[in-house]
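Working notes for the structure below.
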Amino acid sequence: MKSMTGYGRSTVSEGGIELTAEVKSVNNRFLDLSVKSPRIFLAQEEKIRSTVRRYITRGHVDVFLAYTDKREKEKAFSVDTGIARAYRAAAQALEEALPGVVDDTSLTFYLRLPDVVRAEESGEADEALIAVLDKALEGALVSLTQMREKEGERLKGDLLARMETIERLTEAIRVRAPGVAADYRKKLTERIGEFLAGKVDETRILTEAAVFADKCNIDEELTRLFSHIKAFRDICVLPEVGRKLDFLVQEFNRECNTICSKSSDQEVTALALDMKNEIEKVREQIQNLE
């Protein structure tokens, strides 16, 4: 079981390259991935996304990459002859405007002018840089996964404890439920007896009590609740649980709401409301699970 919330960071230094990868994840219904990196890694973005997907299936994930490259590399230069000609034309115009001024320009002079000569850099990462990227990204994802698993285990403990509470409340309702119809029959007998001065139609009492018992019967809801509790615990041992538990909690709510609607007994209603409170806390927690 993993939480969807976590953070991982890794820095790798090799052969004059230092690269830092950071990965942050928060809750989201689906996998929403954002990559923020220097343009040199643009061609590697799909590979980066593929690597992240091997570790994460749900959540909003931000990947941040930064690097410095201190390697000595051969550099190539390009000359913008258009700018050089413009500089030359400006110099000739000044020469005509200022007679007597000697034009002492040379090639070296033009090489020093802004934007005439530019250093060309490769637009893509080379193999060495990609190798460092892969190591740093894997390291950050491993760190993130460890944090998510640790938080997931904490959430698992909390969820299972709440499931024990829900099971205890369900059992208390099961024990109380049979007495509800008996109490109703007793009160009905007393009221009719008072109204008719002690003359009670036992057949009518039994009929009314049977109709009431059928109307407020919650045996099916209790059976399904116990089944849901078992299913919840079984799911908790799986690696990806978020969507399954989310659906199951909806079923918990449905059964609990039905019990509340059928109940005319204060004790059963109070127990069911306590259960709804626990179910809501479970629902909030599983929103954090992958």
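The values are calculated or read from the model by the stated rules, or taken from the named source; none is laboratory data. All figures in this text were calculated on a predicted structure; none of them were measured in a lab. All Cβ positions, even for glycine, are placed from backbone atoms using ideal geometry, and neighbour counts span all protein chains on display. Areas reflect the complete protein model, heavy atoms only, side chains present, ligands, DNA and RNA absent. Shrake-Rupley method; radii C 1.70, N 1.55, O 1.52, S 1.80 Å.
Name the single residue that is modelled with the highest pLDDT among those in region 114-157 being loosely packed, with under 15 Cβ neighbours inside 10 Å and part of a strand (DSSP E or B).
Result: ARG118.
So, of the residues in region 247-283 that are at pLDDT 90 or above and of a type in the set (Asp, Glu), which turns out to be farthest from ARG58 (Cα to Cα)?
The selected residue is ASP274.
Quick one: what pairs do we get from region 84-105, first residue under 22 Å from ARG118 (Cα atoms), second assigned to a helix (DSSP H, G or I) and open to solvent by less than 60 Å² (accessible area, probe 1.4 Å), C-beta under 9 Å, 6+ apart or different chains?
These pairs meet every condition: ALA84/TYR110; TYR87/TYR110; ARG88/TYR110; THR105/ALA91.
Would you please name the residue that is surrounded by the fewest Cβ atoms within 10 Å (Cβ to Cβ), looking only at residues in region 14-66 that are small (Gly, Ala, Ser) and within 26 Å of ASP246 (Cβ to Cβ)? Can you show your working first?
Going residue by residue through region 14-66, those that are small (Gly, Ala, Ser) are 15-16, 21, 25, 34, 37, 43, 50, 59, 66.
From what is left, the residues that are within 26 Å of ASP246 (Cβ to Cβ) are 25, 34, 59.
On the way: SER25: 30, SER34: 11, GLY59: 25.
Residue satisfying both the conditions and the ranking: SER34.
Residues in region 234-262 that are crowded, with 18+ Cβ neighbours inside 10 Å and of a type in the set (Phe, Trp, Tyr): how many?
So the answer is 1.
List pairs: first in region 33-49 and within 19 Å of HIS60 (Cβ to Cβ), second assigned to a helix (DSSP H, G or I) and open to solvent by 40 Å² or more (accessible area, probe 1.4 Å), Cβ under 7 Å, 6+ apart or cross-chain?
Qualifying pairs under 7 Å: LEU33/ARG49; VAL35/GLU45; VAL35/ARG49.
Considering each of VAL52, VAL35, VAL23, VAL63 in turn, give the residue that is closer than 30 Å to LEU144 by Cα and not in a strand (DSSP E or B).
Details: VAL35 fails: not in a strand (DSSP E or B); VAL23 fails: not in a strand (DSSP E or B); VAL63 fails: not in a strand (DSSP E or B).
Unique residue meeting the criteria: VAL52.
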